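J.: Here it is: the structure, laid out below.
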């Protein structure tokens, strides 16, 4: 089970829950399960999010493998200049 | 990770250099075709007004006018972000800021087009406007767009508040309770423009058959294609976009301002249309970045340990919804290893041009505020600013304030280099102060495509899809040469148009050398694999028994066979007989871009009688992972530092009570000139990024983050008074004295 | 719009007198900018650069006459002029970039009527005299008497300035011009001062003229500031009195380039600093 | 509006063109003579990207009318050097990596060449003030100043 961390303001859509465990092999599976678990988050996920998996930031990648020991931080989609 | 490089770290001449020093290079406004028309845009003279009616009949009747368009010529777009982009290019119903486009003309000459603009009659009904972030966020402010307020926000903020973000961990109140000194300050920074010297320019040709050609100055021609085809309702395959040479972008060319207008005019007139912004239009209707109002509270022990940190960032981003304050909230405390931290941010709309990214968008202002408070804490507690930052510095394993746990990073190395540098111990003259600041940027990977062809004469053509904004064709050629094991000048790298190579994201996030580099290395490896196969065929041995060493195929060991190495040129020469052309390509979306930290140090002198600040000495330290072409890496660091100096001292969007921009030109929008500056000493630190085969991190953006606070901290020491507002223009400093 | 090259000043005056919206073109560094920005749309541009004498710097009665089409760069390259009126030359050389210097003229700077024009306070301090050609002939007028208000001079209908005369000067004299700008170059003066001094044999100020720019509707002479310096070897007290007189003479506006408070304070600072330079140039020892 | 016929010399070649009375030299060079090396960054003389020399004098071509240049000698970046015979300023800008986007480069080259003709041994400060009207947003000027100083040294026969 990967440890999923929801960043501050997104917790408004998870009833204040900041951390949870989700069983997923890939980022896509994790995001699907997250959206099912917390339907209020679905809109944000649909609009695009970035994920930090064990410290590395992944932008819009569905099939990045996630291990049971992984820490996944869900963040808004990042942009640059 | 590869360590022994032959080409990386050298300083060859860039492939496009000759064209750029002889005037041959073609930029956005340099292309012309026979029969083309010239276009001009009519812009709102009001900060906020309902467009009651537009009468274009007199303009259309003028001899030489071939097409006139208004917002009515654009059909609705389903995707709301594309719709905002379209409405920013051409107002529909309401003009939302001074300079907002309301109509456009294509005519046989620039003179006729300018004449036609004067004949367009627009009836405006002036509406209340707001340009200040705190006023726009307050309940009761004129609201730019209804129904876009960020979810879950209460009535204490207005409908202009389109985003709310919060990052952090721990319990900040507990953190502050443990502090021996808590400082809580409010800061303001002005909106600043990217200030590229090349105004936006394009040449559009959209035929009646729905096929189009577009030449334009952009940071991403695939982005232009996607956005324009969506706005114009055509298939993206039918619109071929070619990126011209780009005369600076810094984030400001990661969207479109004029391209849909030129395409629509071309479609209506049935002729190619050239559209180039004037400098005044660039200032009034492109860019800028956000202005900010920020509260920063940091608690510290007497020994210098940060016990708690809290940031509240309110960013003003202009006339349409946007999402950028989160980058500020994520960056604010990224340099520190904190147990109790929270950074919150609000995105706010106003009657100003819609913001677009500017180099490390959102980070410089937040870090300015945080690093100012850090400096004040050090000053009050009589602590060394570098030692204190070292004590709190983020390092490998630190759980960052924005969530992820850092891998290998180079902040400690940069701080140690700064501390050991002779600049830090040099004596200071009277009226002079020395400021230090950290800075940070994430860096991105993103989508990328590279196609490489091995020619029969042993040379290599490489096509990539990212506009070369500051020498990337050189660094990409170098990585290709390194990977293939051949000389740099045997490779020609070009930026392909949207029909010649696969999709690539915009040139942003300091991603090009990183992402295109990975794709280039992978493309080279694919070509190498094929070349090994050809050698194996020629030698009649197993392909697995061939390896690639120093630019040549060779048997992997004595058992594999006894053949002399066969060079790339030799394999290429016979490729027609061994199975046809040899190529390699790679398409992907690499991540693991590797964050980058920098530390800047500046000596400033303030004239106590005039408040004039001059930069006397500047040294910038930055972890870049691996510098492919060190001269261009230094150039990125130097350029970023100077943009930050401009932000700190003189650059600002000045609005009057009437909501009109007062300084839309380089005369009164004051970017630094050569005589304002000393040499900028760039010190490259190399802590390899584990996410790249050569250790590369992006380097372009971090450099603009530290200078704001470094300069401000220097001024604080020079005059004994701390400034809480940027720019620190002479009238403000003199008033504070 | 028509473009006409005038052969002589009589033709130029006649063209100005046609009733068209005519503007003169010498260096063009202001009128072409105004046209580009849409602030001015003349129907006739009269180029005066080909008129004989208009491009000359000539010695006259111990002073120098500077033609209306002489560029800043040409003034800066004229050793005799620079030696005699260094303050005026440096004021002209501060207008714009090197590129602008190649074209911009001192007379054009005067005719624009900008309160912030760099050349004007230096010309006022120098006692410069403008030669005016018009429908009723030629006349001379003190530059100080020409100033009217922002964008305005007292030139009559169809009149033009053909040259400016900088008079001969006595021994032990020196002038200087300083301006404050937010950067080191490329800005419009926020406040400026021209100072012209004549010293006696003991190094005391015999005559002093102080003029300020960008702090009133026109550049202004400040007789009290000059008087404060007379009789002094430029000691601190005299300089403070000079600065105070300058501040008292200020009537600036608040705008994007500076506040009333800032411009007022800086005017005094610029005047005292310029006075010190002028004093040294006149042979005084600070 | 009737056009004006002008005969003049650009980069050593005799040229003639027709222009509108209000057309700038920059527009003429770019639109009528297809010399797009000079760039329009501002159109108001503030950025220096359009620098050319007019009878040997450095000017902003956006602040000169096409109609004014009859019988003149104009030099643009296209006339400064050729691919096989670059001017030292061009070569040193390349060697020092003193350009990033390259839009200001033509103006810098024309301006720096003009400086070195009249002052073969400028100080760093003199180079900085001479080039103050040539805005560069990419480089922070450091490498440009170094390149001009080392081009000057080479032209004086030092460090050749």
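Each value in this text was obtained by applying a stated rule to the coordinates, not by laboratory testing. The structure presented is a predicted model; accordingly, all values stated were derived computationally and were not measured. Neighbour counts are summed over all protein chains in view; Cβ atoms, including those assigned to glycine, are modelled from backbone coordinates with ideal geometry.
J.: Segment B:705-737 to segment B:603-665: how many Å between their Cα centroids?
T.: 13 Å
J.: Now a separate question. Can you compute the label reach from residue B:19? Point 7 Å from Cα along the Cβ direction, backbone N cut-off under 17 Å, restricted to segment D:104-146.
T.: Counting only backbone N, you get D:104-106.
J.: What's the average, rounded to a whole number, of partner chain beta-carbon atoms within 10 Å of each residue's beta-carbon in D:15-22?
T.: Whole-number average of other-chain Cβ neighbours for D:15-22 is 3.
J.: List the relative contact order of segment D:88-155 as a percent without decimals, with contacts defined as Cα pairs under 8 Å and 6+ residues apart.
T.: Relative contact order of segment D:88-155: 55 percent.
J.: Normalised by the number of residues in segment B:268-321, what is the relative contact order in percent for Cα pairs under 8 Å and 6+ residues apart?
T.: Relative contact order comes out at 31 percent.
J.: Please sort B:194-204, B:695-705, B:327-337, C:242-252 by packing, taking for each peptide the average over its residues of neighbouring beta carbons within 10 angstrom, highest first.
T.: The densest-packed peptide leads the list: B:695-705, B:327-337, B:194-204, C:242-252.
J.: Something else now. Compare the peptides B:360-373, D:144-157 by average per-residue count of other Cβ atoms within 10 angstrom and give them in order, highest first.
T.: Peptide ranking by packing, descending: B:360-373, D:144-157.
J.: Take the alpha-carbon centre of segment B:85-100, take the same for segment B:1-55, and report the distance between them in whole Å.
T.: Computed from Cα coordinates, the inter-centre distance equals 23 Å.
J.: What is the angle, in °, between the Cα long axis of helix D:142-155 and the longest principal axis of the Cα atoms in chain D? Nearest 10 is fine, range 0 to 90.
T.: Compared with the principal axis, the helix lies near 90 degrees.
J.: Oh, and also: Simple spin-label model, 7 Å along Cα-to-Cβ: residue A:28 to residue C:138 in nm?
T.: In this crude spin-label approximation the distance works out to 9.0 nm.
J.: Need one number: the % of Cα-Cα pairs in segment B:209-314 sitting beyond the 19 Å mark.
T.: When all Cα pairs of segment B:209-314 are counted, 57 percent exceed 19 Å.
J.: Same structure again: What's the angle, to the nearest 10 degrees (0 to 90), between helix C:236-249's Cα axis and the longest principal axis of chain C?
T.: Helix C:236-249 sits at roughly 40 degrees to that axis.
J.: Turning to a different aspect of this structure: Highest first, please rank the peptides B:589-602, C:208-221 by the mean number of other Cβ atoms sitting within 10 Å of their residues.
T.: B:589-602, C:208-221
J.: As an exercise, use a Förster radius of 51 Å and the Cβ-Cβ distance of residue C:43 and residue C:83 to find the FRET efficiency, rounded to the nearest 0.05.
T.: It comes to 0.75.
J.: What are the radius of gyration and Dmax of segment B:100-177, computed over its Cα atoms and given in Å?
T.: Gyration radius and largest Cα-Cα distance of segment B:100-177: 22.1, 71 Å.
J.: What do the square roots of 5 times the Cα gyration tensor eigenvalues come to for segment D:88-155, in whole Å, largest first, as semi-axes of the equivalent ellipsoid?
T.: Semi-axes (√(5λ), whole Å): 17, 13, 10.
J.: Here is a follow-up. How much FRET efficiency would the formula 1/(1 + (r/R0)^6) give for residue B:679 and residue B:426, where r is the Cβ-Cβ distance and R0 is 25 Å, rounded to 0.05?
T.: Once rounded, the FRET efficiency stands at 0.95.
J.: Expressed as cubic angstrom per residue, what is the convex hull volume of the alpha carbon set of segment B:445-588?
T.: So the per-residue Cα hull volume is 97 Å³.
J.: What nm value, rounded to one decimal, do you get for the distance between residue B:75 and residue A:1 when each label is placed 7 Å out toward the C-beta?
T.: 5.1 nm
J.: So for segment B:55-148, considering every pair of alpha-carbon atoms, how many percent are separated by more than 21 Å?
T.: Of all Cα-Cα pairs in segment B:55-148, 46 percent lie more than 21 Å apart.
J.: What does the C-alpha gyration tensor say about the overall shape of chain B? Classify as rounded when a/c is under 1.5, otherwise prolate if a/b is larger than b/c, or oblate.
T.: Because a/c hits 1.5 or more and a/b fails to exceed b/c, chain B counts as oblate.
J.: When all alpha-carbon pairs of segment D:4-79 are counted, what percent fall beyond 20 Å?
T.: 16 percent
J.: Dimensions of segment C:202-248 along principal axes (Cα, Å, largest first)?
T.: 38, 17, 12
J.: Also, quick follow-up: Please report, largest first and rounded to whole Å, the three semi-axes of the ellipsoid equivalent to chain A, where each semi-axis is the square root of five times an eigenvalue of the C-alpha gyration tensor.
T.: 16, 16, 12
J.: If contacts are Cα pairs under 8 angstrom and at least 6 residues apart, what is the relative contact order of chain C in percent?
T.: Dividing the mean separation by the residue count of chain C yields 16 percent.
J.: Also: Run the helix sum for chain C: -39,500 (n - 2.57) per DSSP H stretch of 4+ residues, divided by residue count, reported at 222 nm to the nearest 500 deg cm²/dmol.
T.: My calculation for chain C gives -9500 deg cm²/dmol from helical runs alone.
J.: I want to make sure I understand the PRE zone here: with the label point 7 angstrom from the Cα of residue B:461 toward its beta carbon, which residues in segment B:551-589 have backbone N atoms less than 15 Å away?
T.: B:581-585
J.: In vacuo Debye scattering of the protein assembly as shown, one point per C-alpha: log10 I(q)/I(0) at q = 0.05 Å⁻¹?
T.: After summing over all Cα pairs, the log10 values are -0.37.
J.: How large is the helix-only mean residue ellipticity at 222 nm for chain B, computed as the sum of -39500 (n - 2.57) over DSSP H runs with n ≥ 4, divided by its residue count, in deg cm²/dmol to the nearest 500?
T.: -8000 deg cm²/dmol
J.: Right, something else. Could you give the distance between the Cα centres of segment B:164-238 and segment B:421-453, to the whole Å?
T.: About 22 Å separates the Cα centre of segment B:164-238 from the one of segment B:421-453.
J.: Starting from the Cα gyration tensor of segment C:173-281, multiply each eigenvalue by 5, take the square root, and state the resulting semi-axes largest first in whole Å.
T.: Each semi-axis is √(5λ); the values are 24, 14, 10 Å.
J.: Just want the ordering: C:78, B:38, from fewest to most Cβ atoms lying within 10 Å of their own Cβ.
T.: So the ranking, lowest neighbour count to highest, is C:78, B:38.
J.: Here's a follow-up. First measure r as the distance between the Cβ atoms of residue D:9 and residue D:117, then evaluate 1/(1 + (r/R0)^6) with R0 = 22 Å and state the FRET efficiency to the nearest 0.05.
T.: Step by step, r from the Cβ atoms, then E = 0.75.
J.: Still on this structure, I have one more. In what sequence do B:74, A:7, B:250 fall when counting other Cβ within 10 Å, fewest first?
T.: Least crowded to most crowded, the residues run B:74, A:7, B:250.
J.: For chain C, what proportion of DSSP beta bridges, expressed in % and rounded to the nearest 5, is antiparallel?
T.: Taking every DSSP beta bridge within chain C, about 85 percent pair in antiparallel fashion.
J.: Still on this model: Can you bin chain D into rounded, prolate or oblate? Criterion: square roots of the alpha carbon gyration tensor eigenvalues sorted a ≥ b ≥ c, rounded for a/c under 1.5, prolate for a/b above b/c, oblate for the rest.
T.: Prolate is the answer for chain D, as a/c is 1.5 or above and a/b outweighs b/c.
J.: Take residue A:36 and residue D:16, extend 7 Å from each Cα along the Cα→Cβ direction, and tell me the distance between the two endpoints in nm.
T.: Result for the modelled spin labels: 8.3 nm.
J.: Could you give the length gained by full extension between residue B:32 and residue B:114, i.e. 0.36 nm per residue of separation minus their alpha carbon distance, to one decimal place?
T.: That works out to 27.6 nm of additional length.
J.: Can you divide the C-alpha Rg of segment B:357-498 by 2.2 N^0.38 Å and report the result to two decimal places?
T.: Relative to the 2.2 N^0.38 Å estimate, segment B:357-498 comes out at 1.52.
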